[in-house]
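Below: the structure, in structure tokens.
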Amino acid sequence: MKHPVRFAVAMQLIAGLAVLMVIAVVPTVVLYPLALAGLQGTAAAVLSWLIGMPSWWWWIGGGFVPMAYLLADLGISPSYWLAGFVLLALVFWRTDTSRVPLYMSNSMTVEALSGLLPHQSIKFIDLGCGDGRLLRQLARLRPDCLFVGYEHAPLTWAWARLFGFGLKNLDIRYGSFWAHSLASYDVIYAFLSPAPMPKLWIKALEEMPPRALLISNSFPVPGVRARQTHAVSDKRRTILYCYAVGGTT
């Protein structure tokens, strides 16, 4: 599902029409606005389930209107809601189209990843580096290597740039990595989601140089056997999937 937000909005509209039909049949139900909000949410959740949306969208669809109704009674100024919306937009910029949420690689993953890097100097790229913490740690551990990160969310990119200032072997760039060639990198790291992995593999096959390594955090390439996997001893049981063009079977 390429545009889940559009489907979520459509489910809310359809659920709203269903609530209006209930009101038309039983006008006295307007005396129970919380019940109507619950009905709206239930209808949206069921519709999201019926069309096959991921399970977290059932909860978003089911809780949106009831929560909005309950929060309206708190008397919070609209400017705070606007500020919150802008902040979230700057952090989760175009997640609806990229279908990649903001994931953070923990320190144990950084340690495991550093052990997978070649001993010689390399050029490393993080596809969607978030706040840049992984790259900063790797840049300090391996000053002989060049680390590049791409981030398209404005606020997290600015954070990564600010806190990476002074590390000469770290280059944080704003924009989409899809428009950037992978041909010059020895190691490509991705912590994305299941959705873009088939497209990423095609890009890797077309652009990765011989003996380059693609490491995916948590999400394997569908239908492609990894050259090796590495289990990280963290709480979420992270698995690093390692692929090399011409060496995946």
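The values are calculated or read from the model by the stated rules, or taken from the named source; none is laboratory data. Predicted, not measured: the structure shown is a model, and the values here were computed from it. Cβ atoms come from the backbone with ideal geometry, glycine included; neighbour counts cover every protein chain shown.
So the values come out like this:
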| quantity | calculated |
| --- | --- |
| Single unsatisfied condition, V224 versus (1) part of a strand (DSSP E or B); (2) β-branched (V, I, T); (3) more than 27 Å from D144 (Cα to Cα) | (1) |
| Breaking point among (1) under 17 Å from the mean Cα position of the chain (by Cα); (2) more than 18 Å from G115 (Cβ to Cβ); (3) crowded, with 16+ Cβ neighbours inside 10 Å, for G175 | (3) |
| Filtered residues of segment 208-225 (kept if under 21 Å from H119 (Cα atoms) and over 17 Å from the mean Cα position of the chain (by Cα)) | M208, P209, P210, R211, A212, L213, L214 |
| Filter result for the condition that a residue is over 25 Å from D234 (Cβ atoms), basic (K, R) and assigned by TED's automatic domain parsing to the domain that holds N217, over R142, R161 | R161 |
| R140, sole failed condition from (1) over 23 Å from A204 (Cα atoms); (2) crowded, with 18+ Cβ neighbours inside 10 Å; (3) not small (G, A, S) | (2) |
| Residue that is outside the structural domain of S193 (by TED's automatic domain parsing), farther than 24 Å from S193 by Cα and surrounded by 17 or more Cβ atoms within 10 Å (Cβ to Cβ), where the choices are A45, A37 | A37 |
| Matching residues, segment 194-221, being assigned to a loop (DSSP other than H, G, I, E, B) and of a type in the set (G, A, S) | A195, A212, S218 |
| Single residue of segment 197-247 satisfying the filter (on the phi > 0 side of the Ramachandran plot and small (G, A, S)) that is surrounded by the most Cβ atoms within 10 Å (Cβ to Cβ) | S218 |
| Which listed residue is assigned by TED's automatic domain parsing to the domain that holds L117 and in contact with a strand residue (DSSP E or B) (Cβ under 9 Å, 6 or more places away or on another chain), from A212, A183 | A212 |
| Residue in segment 76-98 that is farther than 23 Å from V5 by Cα, of a type outside the set (S, T, Y) and modelled with pLDDT under 80 present | yes |
| Qualifying positions in segment 149-193 - at pLDDT below 90, among the hydroxyl-bearing types (S, T, Y) and part of a loop (DSSP other than H, G, I, E, B) | S176, S193 |
